[in-house]
Amino acid sequence: MIIPVRCFSCGRVIASDYVAFKNKTDIIRKAENREPTSEEIQRIFEELGIKRYCCRRMIVSHVDLIDEVLEFE
Ligand SMILES: [Zn+2]
């Protein structure tokens, strides 16, 4: 729904990194018309300084549904 502000496991702030992650993956999606590969996703995480698996799973497993749910307000 909405990205949690902090990682559930370690407490690192991840909400601001999610925006940067989404921008970088959207660039690949639009420029090359495909989903980013796992190597590209790993490189983006390293650029953003997200090292722990607990923080990575917060971003990778997030589904952004808020814009679709708002229509049924
Ligand atoms: Zn974490």
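Derivation of every value follows stated rules applied to the coordinates shown; laboratory data play no part. The shown structure was predicted, so the numbers you read here are calculated from the model rather than taken from an experiment.
In the chain, what is the volume of the convex hull around the alpha carbon atoms, normalised per residue and reported in Å³?
It comes to 97 Å³ per residue, whole-number rounded.
How much length is gained on full extension from Q42 to C54, taking 0.36 nm per residue of separation minus their Cα-Cα distance?
Additional length available on full extension: 2.9 nm.
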